[in-house]
Every structure is written in C-alpha cells, then in structure tokens.
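Trainee: Just dropping this structure here.
The values are calculated or read from the model by the stated rules, or taken from the named source; none is laboratory data. Not measured: the values here are computed from a predicted model. When we count neighbours, we look across all protein chains shown, and the Cβ atoms used for this are built from the backbone with ideal geometry, even at glycine.
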Amino acid sequence: MTKKVTSILIASAFALALSLPMATSAEPGLPAAKVPTAKASTTAVQDRDARERHPEIRDAIGLLNRAQDRLSHAAHDFHGHRVKAMQHISEALEELHAAQRSDRH
C-alpha cells in the first residue's frame, strides 16, 4: 500500500513539475488590457473555491491530465520511464476520481 501511495505522490509531483512552465508563462502577443490582474484572479479563485467542496482535487486532475497529454506526445521514451510515469499518472487520476465519488455519498 505504501509503495502505491509513494508512486502516486511521485507521479503527481512529476506532473506538477511538467505543468509549472505552462502555468507561469504568459501568452505572447496578448494585449495588456486582457491580462487579468492579481486581485481579479484572486477573487475569481475565491468565488470558485466557495462553490466547490474540493477544488484542489479538480485542479490536480487537470494538472495530471495535461502532464499525461504532454508525456504521450513526447519525442523520447526515456528508457521506459515515460510509460511508467504515465501509468502512475493514470493510477493517481483513478484515486482522485474515487475520492470525488466517495465524497458525493
């Protein structure tokens, strides 16, 4: 059990590491008027969080899905580690979906 949890945590950390460049990079050519301010985006996040019971789970699912998509299109196999990481991501997604389902009951 501990090995599975460790694998899921490692896959989640890997997914987060892959997703950070996407989250922190601004889209070039986007007019300054359309870039949301920190105050506006903070308010939007707070409003969303107030409506959702577990926004962290939803966010984690989105990050893991994006990481898995990026890995599936990677040009290099990394000696089988890419496929193994994708398997761990799938397991992490299954656990997160199970957590969402269990909370609905």
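Trainee: Within the bounds of region 82-101, is there any residue that is exposed (fewer than 11 other Cβ atoms within 10 Å of the Cβ), at pLDDT 85 or above and out of contact with any strand residue (DSSP E or B) (no Cβ under 6 Å at 6 or more places or on another chain)?
Mentor: Yes.
Trainee: Now for a different question. Tally the residues that are in a helix (DSSP H, G or I) and over 15 Å from residue 10 (Cβ atoms), restricting the search to region 54-95. Spell out how you get there, then give the answer.
Mentor: Applying the first criterion (in a helix (DSSP H, G or I)) to region 54-95 yields 55-72, 78-95.
Subsequent filtering for residues that are over 15 Å from residue 10 (Cβ atoms) retains 55-59, 61-62, 65-66, 69-70, 72, 79-80, 94.
The total comes to 15.
Trainee: Among the residues in region 30-51, are any within 25 Å of residue 10 (Cα to Cα), at pLDDT below 95 and out of contact with any Leu (no Cβ under 8 Å at 6 or more places or on another chain)? Explain how you work it out, then say what you get.
Mentor: Taking region 30-51 as the starting set, the residues that turn out to be within 25 Å of residue 10 (Cα to Cα) are none.
Checked against the condition, which is being within 25 Å of residue 10 (Cα to Cα), at pLDDT below 95 and out of contact with any Leu (no Cβ under 8 Å at 6 or more places or on another chain), region 30-51 yields no hits at all.
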